[in-house]
Structure formats: C-alpha cells, structure tokens
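Novice: The structure is given below, and queries will be raised subsequently.
FYI, it's all coordinate maths here, none of it is from the lab. Since the structure is predicted, the reported quantities are computational estimates derived from the model, not experimental observations. Note: ideal-geometry Cβ built from the backbone for every residue, glycine included; neighbour counts use all protein chains shown.
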Amino acid sequence: MRILAVFEKSERIRHIGHLDIQRSMQRGLRRSGLPVAYSNGFNPHILITFASALSTGACGQREIMDVTMAEPTDAEVFLAKMNRAMPPELHLKEARAVDDRHPALMGSLRAASYDLMVYDSQEAALLNSAIPLMMDQPSIPAMRKTKTALKECDIKPLIYSLSGEGQHIRAMLALTEKEACKPGMLMEALAGAAGLKEPVRFLTTRTGLFGENTEGNLAPLELL
Amino acid sequence: MNENERFEKILEKVQKAPRYTGGEMNTAVKEWDDCPLHFGFCFPDTYEVGMSHLGLKILYGLINREEWSLCERFFMPWTDMIALMKEENLPLLSTESRHPMHEFDVIGFTLQYEMSYTNILAMLDMGGIPLEGKDRGESDPIVVAGGPCAFNPEPLADFIDAFMIGDGEDVMTELNRVILERKQKGLSRKECLRKLANLEGVYVPSFYDVEYDASGIITGIHPNTPGVPETIRKRVVTDLNQTYYPEEIPVPYTEVVFDRIMLEIMRGCTRGCRFCQAGMLYRPVRERSLEKLIDLSEKLVASTGYEEISLSSLSSGDYTCLPELIRELMRRMKDKRVSISLPSLRIDSVLKESLEETQQVKKTSLTFAPEAGTQRMRDVINKGVTESDLLEKVRDAFEGGWSSVKLYFMDGLPTETDEDLDGIADLARKVVEEYFRVPRERRAKGLRVTVSASTFVPKPFTPFQWAAQDTIPEIIRKQDHLKKVLNIKGVNFNWHEPYVSFLEACVSRGDRRIGRVLLTAYRLGCILDGWTETFRFDTWMEAFKACGLDPAFYANRERGRDEILPWDHIDSGITKQFLWHEKEKSEQAVTTKDCRKGCNGCGLQRWKGVCGYANPRSV
C-alpha cells in the first residue's frame, strides 16, 4: 500500500531545492520509525515520489508525496508520527492510504494553483488592472526557457484562471509532464501588458496541485 | 522595509541561500525572551564547513540544554552575501532567530584552523562589535574562543576577551554562569573578566603583559593584575561516559562536508606522532564505553535519520573494543540501513575482520596515512608504522574488494632529504603492485591510488615547535620533485600551494604582534583565507611589511632551547622538557613507544588521576 501525503514547504526554507527536500523527507521517514519500503539493489533507497518538483525559491502550501509502505499503515498514524519527526518548516497536513494500483501522481497532474504576492503595492495595482487587458488578447506570447535556449510560446491556453486582489495575484496554470506555464512566464507577460519596464519582485506560493476528475473538471490531485 | 524583509530580499539574489536560512531539524526553537543568557556560537568559516564540525554540535546541545541559556549559530557569509549585506546595511544575523550579534551576551568562536582568523574579525565587524577588546564597552558582549588553536592564543589576544583552553564541556557552563552574573548583577566588564580568569582553563590575555628584546624574541610573559594565575592549565574531562554528548544534532537540508552522525568514540591518542599537535593537545586518551556508544548511536539515528555513522577520534583503530563495537553497531544498524565508516583508519590497527564487516553495507575508499616515505623519516616523526604493515593492510583491502586507496604524506619534515621523497613514490608503486598481485577475478575493477602530500607546518606543543619550516622555494622544489617521481600509472598526486602553509606557520607560532598583522590584512581585504579563490598571499605580505614584521622570523627560524615561546604560560599538560627530549630523539631517528605500552613521562603524570597510563615515577 501507499500513503499520499500533503505537506507544506514554508517560506523560511523556500530556497531549499527539490532534491534537498526529497532527502529531508526521506530522513524524516527514517526518523519517524514508520515501516517504509526500500528499493532493492546496491544502494537501497526509500520508495518515495513527489507529484511535482517545486522550484527553488517557491513556497508550497499543498505539495504532495507518495510513499510506498512495507506494511499496512494507518493514514492518521502516518501523519502523527511524521509530524513528530519533521521540522515545523516541512509540516504534513493530510495523509491518505491508497492501494498499490492507485495511478502515479505525476501522470495525473494537470494544473497547479498559485498565489503570487507582489512586494510593491503600486506595481501590484498596475498588474491587477492589466489582467483583463492581457486576457483579452488572442494570444499571450511568453519566453520559455529550455535546456539550451529561450523559446517563444503562447501561454494563453495554459492559463485556466487569473485574478488579482490587493498584492496577490492568483492563477491556475497548466502543469503536466509535457507543458507548463511557470509563474515567472506569466508574471513577465503580465508586467509587459502593464507597461512595467523592470522585472517585478514577487513571492511564489504554490497553493495546490490538480488533476482531472471523471467529469473532466480540475480537482485536487490528492483526492482523486 | 524592516531588517527581516531586507534580509529576505538579498536572499533572492545570493548564491546558496540555504546557508543563511536555518530552520533545520533539531535546531533550537527556544524563545529568545525565555532565556536570560544568549550565546552566539560563531564558526569562522562557511555553513558547510561549520555544520560538519562535531564541537559545534556538542556545545550547541550543551548550552541549549540548560533552561537559562540559549545558543544560536553564526557562520561566515560568502563574499557575495557580504557585499549584499553591505549594500543593504544589514548586520550579521544569527541563523535561528535572526538577532544581530551585538544583542547576544556572549560571542564564542571556535578556533579550528589559523587561516580562519580574519573571518573572526570580519564576523565581529559585521556583527557591530568593536574588533579589539580594549575598545569594547559595558554594553558589548564578552567575546570568547576555544578549540585547538586556543592553545596558542597570542595572535588573537587583542580581539578575544577570554580563551577556554582544553576540553570545553565543563568550562562552557561555568563561563556562561559568570556572564549571566554580569548581566543580572550588573558586573562591570573588568570584574566579569577577572572572575573568568579565575576559572580553571580560562585565559584572559588583557591581564598579561609580554616583553620582547630588540630582535623580537620574548623576554617575559607576566600577569599585570593581582589574583590571576601565572600559568593557565588546560581543562580535561576525565570520564567521557559522564560527559555531555548530544543525542540530537542539527540535520542540514543541504549537503555539508560531513553529512552524517559523528560518534566520538574516544578523545586523545597514545601514539605520540611528533608532528601531530592534536595528538599532544588532546592527551590523555579517554574512551567512551561500548554500551554508551551503542546507546548514543541508536538515539542519534532515531533523532536525525542519518544513513551513516562515522566513528570519530584521532586514532579509531586504537579503541580497545573496536571489533566488538563495529560488530554490534553493524548488527543493530543493518535493518535500519545505516552504514558505519571509520574515517581515520590507522594502518596498523584495524582488523581484517572489521574491514570485511564495514564493506557488508557500503564500500568506500580506504585511507591510510603513512605520512612519510622512508622508515628513517617515519622514525623521525615517530609514526610507528612499517612498510610491511601498510602493504599488508592494502593487500587485505584489495582482496576484500576495494580498489580505491588514499595515501596521505607530508613534505618538508625536519631532516627530510630527496631520498625520503623518493620513498613516497616507492611506496605508491608497491601499493599498485599489491593490487595487480590479487587475481583479476577476485579484485574490484578500477584501481585508484591517490597520493596527497601536504606541507609540514610546525605547531606549538609538539616536539617540532622549535623547528624551522622549509622556505617557499624549497617546498616548491620538493613538490616538483614529487610530481616527477609520482608519475606512475594508476597513481594520482595531489598537493597544495605552499603559500597557505607558510602563512599558517607564521600565525600558528605567532606572538601577540601577529594580531597587528591580522588586523592589517583584514583591513586590506583579506578574508576567507582558507579558500583558494579568496586567498591573497601578496596582501598578507604587504600586511607584514606594514607592521614591520618579518614572516620568516615566525616560519623559517629555528628556536633555541631556552627561548620563551609565546605560549609558554599555557600548560597543555605536556612539559616543555618532554617535548625537547622528543625533539632530540627525533634528530637521531629514535622512536618513542606508544603510551599504552608504558608511561613516557610526557608531563600529564603531574596531574593526579588524569591519565590512565601515567606512571607517577616518571616525573
């Protein structure tokens, strides 16, 4: 059996990269004393996967990991033991036991919701008022970084929703193994639409990960 | 923007921000206002180095364990961070609660390496604390320091208010109590320092005067304040089983240099290698019991989740019950998937059986430290190891499935000739031959023999404390020679530039006047001198010149028997007479036996009941 757990990556540790978060979770699992499963082979490691790597510099409110257990484990016990074993900066919020046949998280991922907090309130106001303007355009060109170059692409079909209130811009953006709109791409395009010359300073918080339910609507990935 | 917001802002721009953000597992979550005493533990190097240091973890746990004291960490920021902090006019902040340094009551530096001294000045400066003790006022923290380099405190005498000499576990709490008293009773700085000077093992340099002759040689070191001791005797914890050891240690998010549990199995060493300062300073040898170590390792594994335990000491192979310890640790850790490693493996001590057990979980490269290439040279330095010992252990390792071996040597040792250097190459060649002697089907693929040579630095409290270091041109000539003779297939040769070793020799045996050089070098921009990319040798030489001091006086001058050495008022337990006797024996390549085989009369026998191997008759 497996446990799907929702955890938070706090603002304080937002500069910790994904690999280090993975290792910290593994050590947390080892401290918890929970019966986790290990891979076979020369260097056995804990069988753990993450629905999506969170960028360095971003906070996460509802990140999801998938842990394979060696013995049946109650989700509440998992949650309680893990929270005793983790620093407050990596707090677990929910856990759910699933069958081994439960589809892999990564394959079901469709979108992520974000809260982008703009530090400068004047800039935030300009960005907010530029949202309808930008969304009315037939296409929204943005620069996508590939391994080797910058590529122009249209992010309009990747923006599922976008709104602004005060210093916060909230967005639901496509996130699959094939295509994704990163918050940076969105903010750059929006800053352009708002006529801002300088790059905007903002704090990224990924607030949720989403898949598709049987009706074809976006739904929290951890509940699917 | 407030201080914290500005700090967050620069974190977005800095390389390796996790160095500065804290929040790691098992880091203190004590409330600032709940504790009357605030201790800032300063590691004068980067986070990655500092978080690999065992002493930090011991004292961090020890201070935070007391309900009245709180300990938070400070590390040396990297150059990019320093520049950004300056730009934003931000002071150095503690890793935990982000309090500026000057709000702490005690600032404590650990002195592991002389090349970190300018970092101490930089950290004090960024922390808003006057660099020199004489300029500090009633509202400034007391600045203290300890660690192996505190045994020659003189180069830092101007900057550190009080030094802790020897084992820190007991004296740390005593010192904190005095500083708490200062705070609560409003003791003046001077009164507080006087109380500190009366603690055993504490040295307050401002209470002592040093006189020199015209050539710069010391003619006297005397107390200038009534009631302070003539000599400062180091602190020794006698029973490690009764001494504090942390059961929880911080677990960094990012990888640090030693990212594992370090289990100190014993302290001290009985070998008496003549170049080794730690071997003299940490005497006598004291072991933790097997039961205690098993208990500690289980607790540490449970509280950290680490995958590896390394048995740590100066000479782990000498631990009395080493095979039993390894076997028992293996048995208990196998299901937890924790591997056991022995870092300072001595070639004449670890049993073949233990080697085989280590490999059962994980195979790493094996390290041997013959230190010198010929038997004569090894006898000079009293490294009681023979070539056949080494080759036998290497053969066992190759047969046990290892293919990677590291060999550590020194160049520039007293009495060294080119023949001794050639001996290093001979030994490396013989190690390669041992590998090929193991049948192809039984040996692991990919032979890698790494030979590392470091330049010898004479250190205080060793029999070589009087010795002249080789000059830089001579070291370069010797290194070039080694490069030539070590051009052997399967062998990699590593060496270091001699400039750092030269400077290390100046500072490690420096007197108080070196403090001026440190300050000048710092003012001229020297920091992070332990890092190749930031080390500026020419600037250091400029600083010496500006202070009217000749570095060769410190590094390349042989001292006489009767010369007063800058650290003569510090009693390390070892007598000067013993060290001189050892120096004379070294010149004749005569060895001294391991203390476990009988007392050699190093001086510790003067202190009743401190050394288990002491013979009172050998005074």
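Novice: So how far, in whole Å, is the C-alpha centre of the range B:125-180 from the one of the range B:580-602?
Specialist: 35
Novice: Would you mind checking the pairs A:93/B:299; A:147/A:178; A:182/B:16; B:383/B:583 and listing those with alpha carbons more than 18 angstrom apart?
Specialist: Flagged as over cut-off: A:93/B:299; A:182/B:16.
Novice: Quick check on the protein assembly as shown: what does the Kirkwood estimate of hydrodynamic radius come out to from the alpha carbon pairs, in Å?
Specialist: 29.9
Novice: Would you kindly compute the Cα radius of gyration of the range B:3-233 and its largest Cα-Cα separation (Dmax), both in Å?
Specialist: Cα only, the range B:3-233: 17.7, 56 Å (Rg, Dmax).
Novice: If you take the charge dipole of the protein assembly as shown about its Cα centre, with +1 on Lys and Arg Cβ and -1 on Asp and Glu Cβ, which of B:43, B:500, B:231 is farthest toward its positive end?
Specialist: The residue sitting farthest along the positive end of the dipole is B:500.
Novice: How do B:580, B:495, B:68 line up, fewest other C-beta atoms within 10 Å first?
Specialist: B:68, B:580, B:495
Novice: Only four residue types carry charge here, +1 at the Cβ of Lys and Arg and -1 at the Cβ of Asp and Glu. Report the dipole size of the range B:271-320 about the Cα centre in Debye, rounded to the nearest 20.
Specialist: Roughly 420 debye for the range B:271-320.
Novice: Next question, about the same structure. For residue A:197, which aspartates and glutamates qualify as cross-link partners when the Cα separation must be under 12 Å and same-chain residues fewer than eight apart are set aside?
Specialist: Once the sequence-local aspartates and glutamates are set aside, what remains near residue A:197 is A:123, A:188.
Novice: Right, something else. Taking the Cα centre of the range B:1-92 as origin and charging only Cβ (+1 Lys, Arg; -1 Asp, Glu), how large is the dipole, in debye to the nearest 20?
Specialist: For this selection, approximately 320 debye.
Novice: Over all distinct alpha-carbon pairs, what is the Kirkwood Rh of the range B:147-261 in angstrom?
Specialist: 16.6
Novice: For each pair in B:393/B:430; A:145/B:13; B:336/B:393; B:406/B:597; B:393/B:484; B:459/B:593, compute the distance between the two Cα atoms and list the pairs where it is over 23 Å.
Specialist: Those over the limit are B:336/B:393; B:406/B:597; B:393/B:484.
Novice: In degrees, nearest 10, range 0 to 90: what is the angle between the Cα axis of helix A:75-85 and the longest Cα principal axis of chain A?
Specialist: On a 0 to 90 degree scale, this one is about 80.
Novice: How much net charge surrounds residue B:207 when only the other residues with a Cβ under 14 Å from the Cβ of residue B:207 are counted, with Lys and Arg +1 and Asp and Glu -1?
Specialist: 0
Novice: Quick one: what does P(r) look like for the range A:109-223 with 10 Å bins over all Cα pairs, in whole %?
Specialist: 14, 45, 32, 8, 0
Novice: Ordered by residue, what ³J(HN,Hα) values in Hz, to whole numbers, does the range A:182-194 give under the Karplus form 6.51 cos²θ - 1.76 cosθ + 1.60, where θ = phi - 60° and Gly and Pro are x?
Specialist: 7, x, x, 5, 4, 5, 5, 5, 5, 4, x, 5, 7
Novice: Suppose R0 equals 30 Å; then what is the FRET efficiency for residue B:247 and residue A:53 from their Cβ-Cβ distance, rounded to the nearest 0.05?
Specialist: Efficiency computed from Cβ-Cβ geometry: 0.35.
Novice: Less than 19 Å apart at the alpha-carbon level, and either on another chain or at least 8 residues along: which lysines does that give for residue B:190?
Specialist: Once the sequence-local lysines are set aside, what remains near residue B:190 is B:134.
Novice: Sticking with this structure for a sec: Tell me, B:118, A:205, A:73, A:214 in order of fewest to most beta-carbon neighbours within 10 Å?
Specialist: Ordered from fewest to most neighbouring Cβ atoms within 10 Å, B:118, A:205, A:73, A:214 come out as A:214, A:73, A:205, B:118.
Novice: Another one. Could you give the length gained on full extension between residue B:257 and residue B:452, defined as 0.36 nm per residue of separation minus the Cα-Cα distance, in nm?
Specialist: Contour length minus the Cα-Cα distance gives 68.3 nm.
Novice: Next question. Place a label point 7 angstrom from the Cα of residue B:200 along the Cα-to-Cβ direction, then list the residues of the range B:265-298 whose backbone nitrogen is under 18 Å away.
Specialist: Backbone N within reach: B:282-286.
Novice: Report, in whole Å, the centroid distance computed from the Cα atoms of the range B:257-309 and the range A:1-31.
Specialist: Taking the Cα centre of the range A:1-31 as reference, the centre of the range B:257-309 is 30 Å away.
Novice: Any idea what the dipole of chain B comes to, in debye rounded to 20, about its Cα centre with Lys/Arg Cβ at +1 and Asp/Glu Cβ at -1?
Specialist: 1500
Novice: Report relative contact order for chain B in percent, whole number only (criteria: Cα-Cα under 8 Å, sequence separation at least 6).
Specialist: This gives 13 percent for chain B.
Novice: If the reach is capped at under 16 angstrom between alpha carbons, list the lysines near residue B:195, excluding any in the same chain fewer than eight residues apart.
Specialist: B:183, B:185
Novice: Taking 30 Å as R0, compute the FRET efficiency from the Cβ-Cβ separation of residue B:406 and residue B:531 and round it to 0.05.
Specialist: The formula returns an efficiency of 0.85 here.
Novice: What are the ³J(HN,Hα) couplings of the range B:455-466, residue after residue, when phi is run through the Karplus curve with 6.51, -1.76, 1.60 and θ = phi - 60°? Round to Hz, x for glycine and proline.
Specialist: 7, 5, 10, x, 10, x, 6, 10, x, 9, 5, 8
Novice: Using only Cα atoms, locate the centre of the range A:195-224 and the centre of the range A:62-112, then give the distance between them in Å, rounded to an integer.
Specialist: Centre-to-centre (Cα) distance: 20 Å.
Novice: While we're looking at this one, here's another question. Would you pull out the residues with amide H under 5 Å of residue A:212's amide H, same chain only if 5 or more places away, H placed 1.01 Å from N?
Specialist: A:219
Novice: Moving on. Can you give the direction-averaged projected area of the convex hull of the alpha-carbon atoms in the range B:365-504, in nm²?
Specialist: Average projection, Cα convex hull of the range B:365-504: 8.3 nm².
Novice: Send over the per residue convex hull volume for the range A:2-105, Cα only, as a whole number of Å³.
Specialist: Spread over its residues, the Cα hull of the range A:2-105 gives 93 Å³ apiece.
Novice: With runs of 4+ DSSP H residues as the only contributors, calculate the mean residue ellipticity of the protein assembly as shown at 222 nm using -39,500 (n - 2.57) per run, divided by the residue total and rounded to the nearest 500.
Specialist: -10000 deg cm²/dmol
Novice: To continue, here is another question. Taking N as the number of residues in the range B:74-167, what value does Rg over Cα atoms divided by 2.2 N^0.38 Å take?
Specialist: 1.06
Novice: If you don't mind, another one. First obtain the Kirkwood hydrodynamic radius of chain B from its Cα pairs, then insert it into the Stokes-Einstein equation at 20 °C and 1.002 mPa s, and state the resulting D in µm² per second as a whole number.
Specialist: D = 84 µm²/s.
Novice: Please give the FRET efficiency for residue B:32 paired with residue B:523, using the beta carbon to beta carbon distance and R0 = 25 Å, rounded to the nearest 0.05.
Specialist: So the FRET efficiency works out to roughly 0.15.
Novice: Grab the other residues whose beta carbon is less than 11 angstrom from that of residue B:188, score K and R as +1, D and E as -1, and report the net.
Specialist: +4
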